[in-house]
Amino acid sequence: MVNKGFPKFGMSQAGAFVADLKNYNLPDFILELVAKDCNSELLPRGRIDDRLQSMNDDALEYLHRVFVGCMEDKAGKSAQLRFYAYVSSIYHKCEVLINEPIPGKSGKNHKVPVAVKNNGMYIAVAFNKATGKPVNTRDTSRFYDIVDDIKCGEHGTQLTDAIYGSSVGFRGEALVELDRLGNSRTGNLENKLDFKTANFENNIYSITKAPT
């Protein structure tokens with residue numbers, strides 16, 4: 001398959017985009033999301049560089065701006081794509097689902113931004129704050145309540161990890177509160193959950209610890 005858009009900015013620039021992007025090991029679902037948004041073709045399978053070369057100029061340029069240039073946008077869409085890729089890199093052999101509805105013990109259907117499945121069972125959920133003010137205690141408490149409800153429901157029996165990412169930082173008291181809530185789940189190994197916070201700075205996500 002040939003990238004029909006190459007002549008627009010030339011093979012050399014398109015080739016440079018592909019050369020940069022193939023080092024990022026972008027998951028299939030990211031390529032599929034961007035291809036759909038940019039009305040691009042995409043090889044259904046194959047080597048990452050071949051799949052990238054099958055995409056049109058708009059898709060390649062957008063991927064490059066998001067992952068290499070780490071651009072920001074008002075809607076936070078670019079930040080969300082980077083977060084999806086970050087979570088996928090942690091659970092690279094698992095199925096990663098976007099905006100997955102998961103019912104909790106309360107009967108409420110929670111729309112989870114990123115859910116991870118292994119052997120058909122949910123093992124991790126992840127949320128991300130892409131825009132606005134730093135994550136506060138209300139944000140982390142709401143996150144905890146959602147994860148706890150899912151964990152206590154029939155779909156949460158194998159759930160072990162919960163990640164809260166942020167592109168806008170965390171307030172110290174929010175980290176302390178989530179740490180306190182997570183540590184309160186003691187005495188029952190089946191009820192245990194590992195709560196993690198990841199902050200995006202210097203063009204990379206890194207685990208953030210609660211201040212002591």
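The values are calculated or read from the model by the stated rules, or taken from the named source; none is laboratory data. Everything numeric here is computed off the predicted structure, so don't read it as measured data. So basically every Cβ, Gly included, is an ideal-geometry build from the backbone, and we count neighbours across all protein chains shown. Side chains are part of the model used for accessible areas, which takes the heavy atoms of the whole protein and leaves out ligands, DNA and RNA. Shrake-Rupley method; radii C 1.70, N 1.55, O 1.52, S 1.80 Å.
Kirkwood radius and radius of gyration were both taken over the C-alpha atoms of the stretch 60-151, and their ratio Rg/Rh is 1.00. Across all directions, the average flat footprint of the convex hull enclosing the Cα atoms of the stretch 10-125 is 8.3 nm². Take the Cα coordinates of the stretch 13-68, assign each an equal point scatterer, and use the Debye formula without solvent to give log10 I(q)/I(0) at q = 0.16, 0.23, 0.30 Å⁻¹. Listed by q, the Debye log ratios stand at -0.36, -0.80, -1.52. Once both axes come from the Cα atoms, what is the angle between helix 77-90 and the longest principal axis of the chain, in degrees from 0 to 90, rounded to 10? Rounded to the nearest ten degrees, it is 70. Which residues does a label at residue 173 reach in the stretch 130-151, if reach means a backbone N under 14 Å from a point 7 Å past the Cα toward the Cβ? Of the residues in the stretch 130-151, 134-141 have backbone N under 14 Å from the label point off residue 173. Between 107, 15, 169, the Gaussian network model of the chain with springs among Cα atoms under 10 angstrom shows the greatest mean-square fluctuation at 107.
The accessible surface of the chain, taken with every protein chain in place and a 1.4 Å probe, is 48 percent carbon and sulfur.
Descending by average beta-carbon neighbour count within 10 Å, the peptides 97-103, 195-201, 20-26 line up as 195-201, 20-26, 97-103, the highest first. For the chain, the longest principal axis of the alpha carbon atoms and the long axis of helix 172-183 meet at an angle near 60°. Just so you know, the Cα atoms of the chain work out to an Rg and Dmax of 18.9, 63 Å. Would you list the P(r) distribution for the stretch 47-87, with all Cα-Cα distances sorted into 10 Å bins from 0 and each bin expressed as a whole %? P(r) over the stretch 47-87, rounded to whole percents: 27, 51, 20, 1.
Structure note, pairs 77/196; 74/111; 74/192; 22/108; 36/105; 22/105: Cα-Cα distances above 32 angstrom occur for 74/192; 22/108; 36/105; 22/105. By DSSP, the beta bridges lying fully in the stretch 92-208 are antiparallel in about 55 percent of cases.
Count Lys and Arg as plus one, Asp and Glu as minus one, and take only other residues whose Cβ is under 14 Å from that of residue 154; the net charge is then +1. Restriction of the GluC sites (Glu not before Pro) in the stretch 119-187 to DSSP coil positions whose beta-carbon has at most 10 other beta-carbons within 10 angstrom yields 154. Comparing 202, 39, 191 in a Gaussian network model of the chain (Cα springs below 10 Å), the most mobile by mean-square fluctuation is 202. Extent of the stretch 119-159 along its three principal axes (Cα atoms, max minus min coordinate, largest first): 36, 18, 8 Å.
If you take all other residues with their beta carbon under 12 Å from the beta carbon of residue 76, and give Lys and Arg +1 and Asp and Glu -1, the sum is +2. For every other residue with a beta carbon closer than 12 angstrom to the beta carbon of residue 173, add +1 if it is Lys or Arg and -1 if Asp or Glu, then tell me the sum. Spelling it out: positives minus negatives among the neighbours equals 0. In the full protein context, the chain carries 54 Å² of accessible surface per residue, based on a 1.4 Å probe and ignoring ligands, DNA and RNA. Taking 166, 88, 54 as the candidate residues, the one with maximal mean-square fluctuation in a Gaussian network model of the chain, Cα springs under 10 Å, is 54. Principal-axis analysis of the Cα atoms of the chain puts helix 137-152 at an angle of about 80° to the longest axis. Distances between every pair of Cα atoms in the stretch 109-194, grouped in 10 Å steps from 0 to the bin holding the largest one, split as 17, 50, 28, 4 percent.
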